[in-house]
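These notes concern the structure reproduced below.
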Amino acid sequence: MTSDVWLPVPTDGIQGLPEGFTYRFWDGGQGFPADPADCAFYVVPYMKGTEIAVRPLAAMTSVRAVQTLSAGIDHVEPGLGGLPAGVQLCNARGVHEASTAELTLALILASLRGIPGFVHGQDKEEWRAGFYPALADKSVLIVGYGSIGAAIEDRLTPFECARVARVARSARTTERGPVHPLADLPGLLPSADVVILSTPLTEATQGLANAGFLSRMKDGALLVNVSRGPVVDTKALLAELESGRLRAALDVTDPEPLPAGHPLWHAPGLLISPHVGGSTSAFMPRAKRLIAGQLTRFAAGEPLHNIVLTTS
């Protein structure tokens, strides 16, 4: 049985790693640190894209666990087809909730309170006083109510929103109230002042915020996307922004990175952050604890946490 573990973080920076493994550092460089066929546990390099994430997978004939350091797994899925049966794919639940929820609130508040305009005003030495929308008394809809969606609602609570509605793949009940299924979206969109997308990218959610979705949003509503760029139909969103009917704040775009000259850069009513929802000082300590914990369970033959799927 192979004992190689591929890590995108040097081992001297991770406390609590179990003994008995041969740790190989690989953060997506051109050359591999060892034969991929000897890898038993693969921690995917963070924020390096699909091409790098899947590059060694086809040769990882002995791998038994693949661990992402992102909440989403869409960048790894294209390489799963060639893996042996029984490989467990785990995501980074517990790593990004705090940072992504923080940025979500920052994007909402900055957009509603006109912060980008104040920055431009400061550059031009203009005093742009006036009345601006508040988050208080607004109706908020969270589309994608997993751990990140719940963390966002945690941070919405002090802002005295009039209502928070929740949507996920299937209906359920939480301590805060009901979670609606995706099928209920058409009836929920017209009453939301702020619509937050925090859903994984799947076949069901690709292009979810299309022309029909956006047309159901109320005039002046704010769309906030902290999930994946392709969850939103870029062409349809541009049409709504250019008409002035909707506003948006995007941490993710399609395409991404957003190329120079793309019309999103200068779309009216749009605030863009460069996919930094999880890229904060909170990331690395949580990622290291996740890696050490998962490998400790792996070494002991105990069930891994955050299993998203098992190959067949």
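The values are calculated or read from the model by the stated rules, or taken from the named source; none is laboratory data. Quick caveat, the model's predicted, so the values are computed rather than measured. When we count neighbours, we look across all protein chains shown, and the Cβ atoms used for this are built from the backbone with ideal geometry, even at glycine.
Would you check if residue 214 is among the hydrophobic types (A, V, I, L, M, F, W, C), surrounded by fewer than 19 Cβ atoms within 10 Å (Cβ to Cβ) and under 24 Å from residue 256 (Cβ atoms)?
Considered against the rule, which asks whether it is among the hydrophobic types (A, V, I, L, M, F, W, C), surrounded by fewer than 19 Cβ atoms within 10 Å (Cβ to Cβ) and under 24 Å from residue 256 (Cβ atoms), residue 214 comes out as no.
Is at least one residue of region 235-247 in a strand (DSSP E or B) and either among the polar types (S, T, N, Q) or closer than 30 Å to residue 8 by Cβ (or both)? Spell out how you get there, then give the answer.
Within region 235-247, the subset in a strand (DSSP E or B) is 247.
Now restrict to residues that are either among the polar types (S, T, N, Q) or closer than 30 Å to residue 8 by Cβ (or both): none.
No: region 235-247 contains no residue that is in a strand (DSSP E or B) and either among the polar types (S, T, N, Q) or closer than 30 Å to residue 8 by Cβ (or both).
State all residues of region 31-69 that are under 14 Å from residue 7 (Cα atoms), among the polar types (S, T, N, Q) and in a loop (DSSP other than H, G, I, E, B); if no residue qualifies, say none.
Residue satisfying the conditions is 68 alone.
Just name the residue that is farthest from residue 195 (Cα to Cα) out of those in region 99-119 that are in a helix (DSSP H, G or I) and of a type outside the set (A, V, I, L, M, F, W, C).
Across region 99-119, the extreme among qualifying residues is 117.
If you scan region 111-137, which residues turn out to be crowded, with 17+ Cβ neighbours inside 10 Å and in contact with a strand residue (DSSP E or B) (Cβ under 6 Å, 6 or more places away or on another chain)?
111
For residues that are among the hydroxyl-bearing types (Ser, Thr, Tyr) and touching a Leu at 6+ places or on another chain (Cβ under 9 Å), scanning just region 181-214, find the one that is nearest to residue 71 (Cα to Cα).
So, considering only residues that are among the hydroxyl-bearing types (Ser, Thr, Tyr) and touching a Leu at 6+ places or on another chain (Cβ under 9 Å), the one nearest to residue 71 (Cα to Cα) is 199.
So that you can scan it fast, the table gives a plain yes or no per residue for (1) over 20 Å from residue 89 (Cβ atoms); (2) at pLDDT below 95; (3) touching an Asp or Glu at 6+ places or on another chain (Cβ under 8 Å):
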residue: 202; (1), (2), (3): no, yes, yes
residue: 205; (1), (2), (3): no, no, no
residue: 222; (1), (2), (3): yes, no, yes
residue: 244; (1), (2), (3): yes, no, no
residue: 253; (1), (2), (3): yes, no, no
residue: 265; (1), (2), (3): yes, no, no
residue: 278; (1), (2), (3): no, yes, no
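Return yes or no: is residue 185 under 25 Å from residue 269 (Cβ atoms) and touching a Phe, Trp or Tyr at 6+ places or on another chain (Cβ under 8 Å)?
Yes.
Hey, among the residues in region 70-87 that are among the hydrophobic types (A, V, I, L, M, F, W, C) and under 11 Å from residue 58 (Cα atoms), which one's farthest from the chain's Cα centre (by Cα)?
If we take residues in region 70-87 being among the hydrophobic types (A, V, I, L, M, F, W, C) and under 11 Å from residue 58 (Cα atoms), then 83 is farthest from the chain's Cα centre (by Cα).
Could you please find all residues in region 79-92 being surrounded by fewer than 18 Cβ atoms within 10 Å (Cβ to Cβ) and either in a helix (DSSP H, G or I) or not assigned by TED's automatic domain parsing to the domain that holds residue 304 (or both)?
Scanning region 79-92 gives 80, 81, 82.
Does region 289-312 hold any residues that are closer than 30 Å to residue 108 by Cβ and either part of a helix (DSSP H, G or I) or out of contact with any strand residue (DSSP E or B) (no Cβ under 6 Å at 6 or more places or on another chain) (or both), and which are they?
Listed by number, the residues that qualify are 289, 290.
Mind listing whichever residues of region 260-288 are in contact with a helix residue (DSSP H, G or I) (Cβ under 9 Å, 6 or more places away or on another chain), assigned to a helix (DSSP H, G or I) and buried (at least 18 other Cβ atoms within 10 Å of the Cβ)?
Answer for region 260-288, where residues must be in contact with a helix residue (DSSP H, G or I) (Cβ under 9 Å, 6 or more places away or on another chain), assigned to a helix (DSSP H, G or I) and buried (at least 18 other Cβ atoms within 10 Å of the Cβ): 264, 283, 286, 288.
For the condition closer than 22 Å to residue 152 by Cα and either without any contact (Cβ under 8 Å) to a residue 12 or more places away in the chain or in a loop (DSSP other than H, G, I, E, B) (or both), what is the one hit in 74, 27?
Answer to the check: 74.
I'd like the full set of residues that are basic (Lys, Arg) and in contact with a helix residue (DSSP H, G or I) (Cβ under 7 Å, 6 or more places away or on another chain), limited to region 124-149.
First, pick out the residues of region 124-149 that are basic (Lys, Arg): 124, 128, 138.
Selection gives 128 alone.
What are the residues in region 116-141 that are out of contact with any Asp or Glu (no Cβ under 9 Å at 6 or more places or on another chain) and touching a residue at least 40 places away in the same chain (Cβ under 8 Å), if any?
Hit for region 116-141 is 116, nothing else.
Please state which of the following conditions residue 136 fails to meet, knowing it meets all the rest: (1) part of a loop (DSSP other than H, G, I, E, B); (2) under 21 Å from the mean Cα position of the chain (by Cα).
Residue 136 satisfies all of (1) part of a loop (DSSP other than H, G, I, E, B); (2) under 21 Å from the mean Cα position of the chain (by Cα) except (2).
I'm checking my understanding of the structure. Among residues of region 224-252 that are of a type in the set (Asp, Glu) and more than 26 Å from residue 153 (Cα to Cα), which one is surrounded by the fewest Cβ atoms within 10 Å (Cβ to Cβ)?
Among those that are of a type in the set (Asp, Glu) and more than 26 Å from residue 153 (Cα to Cα), it is 242.
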